[in-house]
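The values are calculated or read from the model by the stated rules, or taken from the named source; none is laboratory data. Just so we're clear, the structure is a prediction, and the values are computed from it rather than from any experiment. Positions of Cβ are generated from backbone atoms using ideal geometry, with glycine treated the same way; all protein chains shown enter the neighbour counts. To get the accessible areas, we keep the full protein, side chains included, count just its heavy atoms, and leave off ligands, DNA and RNA. Shrake-Rupley method; radii C 1.70, N 1.55, O 1.52, S 1.80 Å.
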Amino acid sequence: MKLDLAQLRALLAGDRQADRVVPPSGYTAQLTLFAAGAMAFLAVFALALSLAAGRLAERWGAELAHTATLRIVAPADQRAEQTAAALAVLETTPGVAEARALTDAEQAALLAPWFGADLPLDTLPVPRLIETKTESGFDPTGLSLRLAAEVPGAVLDDHGRWRAPLVSAASRLRVLGWVVALLIVAAVAAMVTLAANAALAANAQVIAVLRLVGATDSYIANAFVRRFTLRALSGSAVGVIVGLLAVWLMPTGSADAPGLLTGIGFRGAGWLVPLMVPLVAGLVALLATNTAARRALGGLT
Amino acid sequence: MATIWLNARAEKRELPKRAAGNQIETRLMLGHNRGKNEGTGVIELENVAYSYGGGELLSDISVKLAPGSFHFLTGPSGAGKTTLLKLCYGALLPTAGHVRLFEADVRGLNRDDVALIRRRIGVVHQDVQFLDHLPVADNIALPLTVSGRHAEAGGSDLNELMGWVGLQDRAAALPPELSGGERQRAALARAVIMSPEVVLADEPTGNVDWDMSQRLLTLLVELNRMGKTVLIATHDLSLIRAAKAQVQARVLRIANRRVQLAGADL
Ligand SMILES: Nc1ncnc2c1ncn2[C@@H]1O[C@H](COP(=O)(O)OP(=O)(O)O)[C@@H](O)[C@H]1O
Ligand SMILES: [Mg+2]
């Protein structure tokens, strides 16, 4: 594809006369505008989802990677004894930075949302929880084996079982969001190419006349390129604004409620990402139309 | 010159201002001087052959259009007049031989060069095409517009030119509203607005009555007197006979795929 600097300069400078030589195209112009707007709207959501999923993956990964929980499930009379034994094992386990049994009050607080505040904890066979902070070198399988031998009532939950799929799902979601955004860009390119080809075909006679009176290929191509670039740019700008408003109006959760749905949105510099959408759409339209126009002109003398 | 100018403007009752007429003339002649080549032709065909894919339509054709010359190209329908004209403005490349436009071999021209050459060779096409959504005045100014000189089109030059072809009252009309003769005159005006050195006309009197064809011929003869090289393709021998009274014209005839200089038998 040929798009030299001189052509680009002529393109940006604009030319009211050149714009008039191609007849106005009525409703197909509206369709291009609408399609570009709709695509940009969708792209905003894809990007919001992707960025939110990315944040979530990072946070879950960071929070959960360094903790593990031990449950001591034993008859009430052995619970304190086994807890002490488990703590002893943990103290000599490499990779365990810190281990601490939760107090009755802390456990009651954890259960309160489900059973109410005045739960008689000491009369119920509630397992004792030991929180550990882990660091590199921690080997959950080795620890499980040791515990099985020395503390029969201890069950190790290193969060890995449910953490891993969640983190990888969130990462996957982030990638998917970008793939969707890229597909939308490709769809914009396809849509503009189709529309430009239709316009070029509909104006074949106009193009032939322009060639005959001495118009260069760049001049003719620019008359179309300018049109479609402007349409893609303005259509997608409207789509992005509406999309950003919609994202902005989404209910958000508090910072410590790591839900995906309530986390959709942009944070800080992330708000700038969707602003790229009209620029990318405009650039894609420019290249797509230029390619289509050059191909159409190639057959003319 | 003055009488011809008056002839061209006969339809318009009022006499054109002399100054205005001279202005057009000077402008059109400038183009001629710019491209004047002593001794060589502005358009040269050397042993040219052309075929659309089947057998050769034109064979071994050598023609040189000297600056300021007036030529007719004749021959029966289908002989290849339009094809030869297309070779003369770079729309077709010869299948053999050489075509030189302003001393440049057409095979060495890129697409932008061809576009630039078309600003120096004004062409009245056999089936004239306009931009039907633009008024006649804008269509005539189109060569200026596409060469980035639109500002000049708004000026008095365009009005003068429209007056010269007798279309001053049709400036705002759309091309589909024009009669056959008006279309041909608009095409001629469009062909010369860039002050080209050469004017090629393909059957310019094809769809018009005798009076209109005389009027168009007069305009072309006048262009030649301003110094332009003129080549008219036509199968209409009576037009050629009428021209011979006004201008020293050479007649080229295509017969049996070759071009020959026609004698006094016309
Ligand atoms: N684009 C083309 N492809 C194939 N054949 C063509 C083409 N244009 C013209 N011809 C053929 O070439 C011959 C000469 O055409 P043309 O140059 O238009 O003749 P003229 O102008 O003398 O009537 C005709 O037989 C015509 O059918
Ligand atoms: Mg013909």
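Details
- Set of aspartates and glutamates near residue B:64 by C-alpha distance (under 17 Å), chain-local residues within fewer than 8 positions excluded: B:38, B:44, B:46, B:103, B:105, B:197
- Average accessible surface area per residue within chain A, 1.4 Å rolling probe, Å²: 52 Å²
- In this calculation the C-beta distance from residue A:117 to residue A:182 is compared with R0 = 51 Å, giving a FRET efficiency of 0.50.
- Accessible area of the protein assembly as shown belonging to carbon and sulfur atoms, whole % at 1.4 Å probe: 61 percent
- Computed from protein heavy atoms with a 1.4 Å probe, the total accessible area buried between A and B is close to 2000 Å².
- Each label was represented as a point 7 Å from its Cα along the Cα-to-Cβ direction; for residue A:269 and residue A:135 these points are 3.1 nm apart.
- Separation of alpha-carbon centers, the range B:80-94 and the range A:79-110, rounded to whole Å: 97 Å
- Between residue A:197 and residue B:93, the C-beta separation translates, for a Förster distance of 41 Å, into a calculated FRET efficiency of about 0.90.
- Span-like helix ranges in chain A, DSSP H, alpha carbon extent 18 angstrom or more, Kyte mean at least -1.0: A:27-65, A:76-91, A:160-202, A:217-248, A:276-298
- R0 of 56 Å, Cβ-Cβ distance residue B:105-residue A:168: FRET efficiency to nearest 0.05: 0.25
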